[in-house]
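The values are calculated or read from the model by the stated rules, or taken from the named source; none is laboratory data. Computed from a prediction, not measured in an experiment: that's the story for all the values here. When we count neighbours, we look across all protein chains shown, and the Cβ atoms used for this are built from the backbone with ideal geometry, even at glycine. Heavy atoms of the whole protein, side chains included, go into the accessibility calculation; ligands, DNA and RNA do not. Shrake-Rupley method; radii C 1.70, N 1.55, O 1.52, S 1.80 Å.
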Amino acid sequence: TSTTGVLRVERSLRLPDGEFFPASRKKTGIAIHHTVGGTAYSTLEHWLRDRTKAGKRRVVGTAYIVDRDGTVFEVFQPLAWAFQFGLEWPPARQLKFEQRFIGIELASEGGLTECDGHLYCFDRVSSKTRKPCDESFDYGKPYRGYRYFDKYEHAQVDSLVTLINHLCDTYTIKRQVPYPPFDYYGERLVDFKGIIGHAMVSADNTDPAPVVSLWERLIRDCRLTKATIPSPPEPVVPRLTDSERDRLFESNIDQVSTLSVAAGSLVKGLILELERRDTYIRLFYAEPGGHRVEYEFLTGRKEEYEFLTGRKELVKRLATAFGFQRVTESLLEVRRG
């Protein structure tokens, strides 16, 4: 690939049949990764060796690997696919997402570990994994557990720009990117069409490295617009129905009636004050004629929703204001006398 934008693709490194899925799929996105490896060749060898504990092929890979000198290797046809994200989404959703993205790997050691003033790759401190500091990038603060990263070569970035432009033109892929580019979006990108980084959908990954200039270059030279990804909607918190509240109140009154008159009156006042704030507790094991009653903050599940009936901290705060002698997360005790 040259900086003039002419794409040259090398096809001397190919994944054999069975190491990818050859069926063509419509492509609506491009995903950028880095290999956490040495070269395009070593990455391909790793994919070929990658097996489950039972010896089954994992079928992991991307259509393209951009080597350190800028050579673009096409290891399978871009309309084919292999697993590239390692997502733990519902299977049908994960499969659809995997199939519609063309993956591009940048040959790179990725995140680097600092020890005694030296940098090391592959999370191993040894003479064989030491990385020259002038080949590293300092993000200035931790990002997904790493502050230092292997630098991408200028030739790699040039080739990446040319390749993305070629793929966008060839497959009519929308020229947009989630912004900010270093955020984790997860399943909010399930229907996103455009250019993404692996780290945007996988919180355990750092690729591509958090290089501001990389994304500035892609945005400028690939003419990408910055797409704002909406925050997830607040979960719907089901409230208790009128009949559920009535049954809870009747059950609590039975417990209140077991206590001494003075203690019962105070506990009843607390329950009513909590309910005015949409906070509910369930009483049990009231001490007959006494001053102690156990309780639980009401939580549960309705269909797919988990609900909390109010604010847990209100129980202790209001009970203390009412003059209770002792308040824990499970016990209310009224002063005697």
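Would you calculate the separation in nanometres between label points at residue 79 and residue 154, each defined as 7 Å from the Cα along the Cα-to-beta-carbon direction?
Label at residue 79, label at residue 154, 3.8 nm between them.
Tell me which label goes with the value of semi-axes √(5λ) of the Cα gyration tensor in Å computed from the coordinates here: (1) 36, 22, 20; (2) 59, 23, 19; (3) 35, 24, 15.
Among (1) 36, 22, 20; (2) 59, 23, 19; (3) 35, 24, 15, the one calculated here is (2).
At a Förster distance of 51 Å, what's the computed FRET efficiency of residue 50 paired with residue 278, Cβ-Cβ distance as r, to 0.05?
Efficiency, rounded to the nearest 0.05: 0.45.
So, in nm, how far is label residue 25 from label residue 312 when the simple model puts each one 7 Å beyond its Cα toward the Cβ?
Once both label points are built, they end up 4.0 nm from each other.
From the backbone phi of the stretch 219-224, what are the Karplus-calculated ³J(HN,Hα) couplings (6.51 cos²θ - 1.76 cosθ + 1.60, θ = phi - 60°) in whole Hz, Gly and Pro given as x?
3J(HN,Hα) across the stretch 219-224, in whole Hz: 4, 6, 8, 9, 6, 8.
So if I place +1 on the C-beta of Lys and Arg and -1 on the C-beta of Asp and Glu, and nothing else carries charge, what would the dipole magnitude of the chain be about its Cα centre? I want it in debye, nearest 20.
Magnitude of the dipole: close to 340 debye.
Report, for the chain, the % of DSSP beta bridges that are antiparallel, rounded to 5.
60 percent
Ignoring ligands, DNA and RNA, what percent of the accessible area of the stretch 77-222 is carbon or sulfur (1.4 Å)?
That fraction is 49 percent.
What does the extension gain come out to for residue 138 and residue 251, with contour length at 0.36 nm per residue minus their alpha carbon separation?
Value of the extension gain: 34.5 nm.
Calculated FRET efficiency, residue 321 and residue 242, Cβ-Cβ r, R0 30 Å, to nearest 0.05?
0.60
Whole-Hz Karplus ³J(HN,Hα) for the stretch 165-181, in order, using 6.51 cos²θ - 1.76 cosθ + 1.60 and θ = phi - 60°, x for Gly and Pro?
Calculated HN-Hα couplings, in order: 4, 4, 5, 4, 5, 5, 10, 6, 8, 4, 8, 8, 9, x, 9, x, x Hz.
Name the long-range amide H neighbours of residue 229: under 5 Å, sequence gap of 5 or more, or other chain; modelled H, no Pro or chain starts.
Long-range HN contacts for residue 229: 179.
Using the heavy atoms of the protein chains and a 1.4 angstrom probe, tell me the accessible area per residue for the chain in square angstrom.
53 Å²
Assign unit charges at the C-beta atoms only (+1 for Lys and Arg, -1 for Asp and Glu), then state the dipole size of the stretch 114-153 relative to its Cα centre in Debye, rounded to the nearest 20.
Roughly 160 debye for the stretch 114-153.
In square nanometres, what is the average projected area of the Cα convex hull of the stretch 91-154?
6.4 nm²
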